[in-house]
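The structure appears right after this line, and notes come after that.
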There are 2 protein chains.
Amino acid sequence: MTLSTTAQDLIGAWERGNVLAAGCPSRGILQHLTSKWGTLVMVTLATGPHRFAELRRRIAGVSERMLAQTLQQLEADGFVLRVARDVVPPHVSYSLTPLGVEAAAHVVALTAWIETNLPRLGPPLPRPQAER
Amino acid sequence: MTLSTTAQDLIGAWERGNVLAAGCPSRGILQHLTSKWGTLVMVTLATGPHRFAELRRRIAGVSERMLAQTLQQLEADGFVLRVARDVVPPHVSYSLTPLGVEAAAHVVALTAWIETNLPRLGPPLPRPQAER
């Protein structure tokens, strides 16, 4: 291996994240994508662009404040694109960026796995009582 | 489609989770797997069984209390197996169950994607200052 390749590998390792290291920025990204609402926003936007009110309706239980904050984080990370059309009334829609599409594929795979395997997971669900 | 197939599909849809529904237990499972420490425990155990102290050392920043709580949740969900060998001093090790291995595959894929793509994500990282 040449010195140049070794140096290149070294720099590659520095640029690569390490979620097990406390200070690594990859931890923040991971938390945004896997936060309670972050995951659900990514899964919903994976089905196509949505307006704010549509997102709120589809993601049961999210507050206006938490949804706005989640969208801002995902936008800052580069996963979500916010497009405001200058019309009256204002029309703002949210969609996944190409990077967001890549990330969402993993979030959707994990979520789909949980949904499909739910009967095998956790403590047994309560079953209807047999008639006596 | 026969009545029996239709009924079977219907029951299948009931048993399948829906993370977008507020009351669905899949949300709890998703949160355990994607919690800050849940993700890191799954990724670490995906490399093989670990004792408690080993996990704490590898996952920078986790407190004893949070690690214990995270392991208990993942054990209750059926992802983690806790094996206590009755020796002196006591030897307790944690590993993934077969179900945990399946779930970890998705968590690892997401985490690896983030680590690999970190240079493309988020606000630009600070670069060393040029000399003046």
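The residues of region B:75-116 that are in a strand (DSSP E or B) and touching a residue at least 40 places away in the same chain (Cβ under 8 Å), listed by number, are B:H91, B:V92, B:S93, B:Y94, B:S95, B:L96. Looking only at residues of region A:22-32 that are in contact with a Leu (Cβ under 7 Å, 6 or more places away or on another chain) and within 7 Å of chain B (Cβ to nearest Cβ), we find that the one that is surrounded by the most Cβ atoms within 10 Å (Cβ to Cβ) is A:I29. Do we have any residue at all in region A:117-124 that's surrounded by fewer than 13 Cβ atoms within 10 Å (Cβ to Cβ), more than 7 Å from chain B (Cβ to nearest Cβ), in a loop (DSSP other than H, G, I, E, B) and at pLDDT below 90? Yes.
This table checks each residue for (1) within 21 Å of A:R27 (Cα to Cα); (2) facing chain B (nearest Cβ under 10 Å).
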| residue | (1), (2) |
| --- | --- |
| A:L71 | yes, no |
| A:V87 | no, no |
| A:H91 | no, no |
| A:L99 | yes, yes |
| A:H106 | yes, yes |
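The set of residues from region A:19-43 being polar (S, T, N, Q), in a helix (DSSP H, G or I) and under 8 Å from the mean Cα position of the chain (by Cα) comprises A:T34, A:T39.
Against the numbered list (1) in a helix (DSSP H, G or I); (2) facing chain A (nearest Cβ under 9 Å), B:A60 comes up short only at (1). Counting only residues that are within 15 Å of the chain's Cα centre (by Cα) and assigned to a helix (DSSP H, G or I), region A:47-57 holds 1 of them.
Hey, can you tell me all the residues within region A:58-78 that are charged (D, E, K, R) and surrounded by fewer than 21 Cβ atoms within 10 Å (Cβ to Cβ)? Please lay out each step first, then the result.
First, the residues of region A:58-78 that are charged (D, E, K, R): A:58, A:64-65, A:75, A:77.
Within region A:58-78, A:R58, A:E64, A:R65, A:E75 meet the criteria.
Evaluated against (1) in contact (Cβ under 8 Å) with a residue 12 or more places away in the chain; (2) surrounded by fewer than 17 Cβ atoms within 10 Å (Cβ to Cβ), A:A53 falls short on exactly one condition, (1).
The values are calculated or read from the model by the stated rules, or taken from the named source; none is laboratory data. Not measured: the values here are computed from a predicted model. Cβ: placed from backbone, ideal geometry, glycine included. Neighbour counts: every protein chain shown.
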